[in-house]
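Asks: Please read through the structure below; I'll follow up with questions.
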Amino acid sequence: VQLQASGGGRVPAGGSLRLSCAASGSTVSIGVMAWFRQGPGKQREFVVVIPNSGVTTYAASVKGRFIASRDNAKNAMYLQMNSLKPEETAVYYCQIQTTGKDGRAYWGQGTLVTVSS
């Protein structure tokens with residue numbers, strides 16, 4: 001399974017970006033999808049988790065500004081980021097958790113988001 005993240009770029013503070021992540025390769029059953037980010041000199045941190053069913057849960061720092069969604073037919077997920085802040089400059093990673101007895105986590109390669117002040 002390969003995850004391809006895209007949509008990163010440079011935006012001014014207060015701007016918006018939409019990230020995408022698509023899974024390809026072996027046919028798998030995808031359970032949870034999630035976004036994480038890692039800023040320069042920081043540890044990777046949770047941004048949002050999108051279950052197959054149930055409530056999408058956001059980190060407190062992005063709640064109300066970021067909107068996550070998924071398209072199961074396309075094995076894809078999206079992250080609409082609004083009102084971006086300079087401190088949110090980071091590499092954004094997508095992750096999926098496959099289901100079944102061989103279920104595991106897969107990570108995308110990351111896409112860089114730079115928010116200029």
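The values are calculated or read from the model by the stated rules, or taken from the named source; none is laboratory data. Treat the numbers as computed from the prediction; the structure is a model and nothing was measured. No Cβ is skipped: glycine too gets one built from the backbone with ideal geometry, and neighbour counts run over all protein chains shown. When the accessible area is computed, the model is the full protein with side chains, heavy atoms only, and any ligands, DNA or RNA have been set aside. Shrake-Rupley method; radii C 1.70, N 1.55, O 1.52, S 1.80 Å.
Asks: In Å², what does the accessible area per residue of the chain work out to with a 1.4 Å probe? Don't skip to the end; give the middle numbers.
Replies: Numbers: 6100 Å² over 117 residues.
In whole numbers, the chain has 52 Å² accessible per residue.
Asks: Follow-up. Enter the Cα centre distance for the pair region 1-51 and region 96-112, rounded to the nearest angstrom.
Replies: Here the answer is 11 Å between Cα centres.
Asks: Please find, in a Gaussian network model of the chain (springs between Cα atoms separated by less than 10 Å), the residue of 104, 70, 37 whose mean-square fluctuation is greatest.
Replies: Largest GNM mean-square fluctuation: 104.
Asks: Okay, next question. When the chain is treated as a GNM, springs tying every alpha-carbon pair under 10 Å, which of 59, 23, 90 comes out with the largest mean-square fluctuation?
Replies: 59
Asks: Taking a point 7 angstrom from the Cα of residue 72 along the C-beta vector, which residues in region 95-112 have backbone N less than 18 Å away?
Replies: 96-101, 103-104
Asks: With label points built 7 Å along Cα→Cβ from the Cα atoms of residue 83 and residue 99, find their separation and express it in nm.
Replies: Those two pseudo-labels are separated by 3.5 nm.
Asks: If I compute solvent accessible area with a 1.4 Å probe over the protein chains, what percent of it on region 17-117 is carbon and sulfur? Kindly include the intermediate steps, with their values, before the conclusion.
Replies: On the way: 2640 of 5220 Å².
That fraction is 50 percent.
Asks: Long-range amide H contacts for residue 89: which residues qualify at under 5 Å (H placed 1.01 Å from N, peptide plane, sequence gap of 5 or more or a different chain)?
Replies: Placed amide hydrogens put 115 under 5 Å from residue 89.
Asks: Would you mind calculating the gained length between residue 56 and residue 26 on full extension (0.36 nm times residue separation, minus the Cα-Cα distance), in nm to one decimal? Please list the in-between numbers first.
Replies: On the way: separation 30, 0.36 × 30 = 10.80 nm, distance 2.57 nm.
Fully extending the segment from residue 56 to residue 26 adds 8.2 nm.
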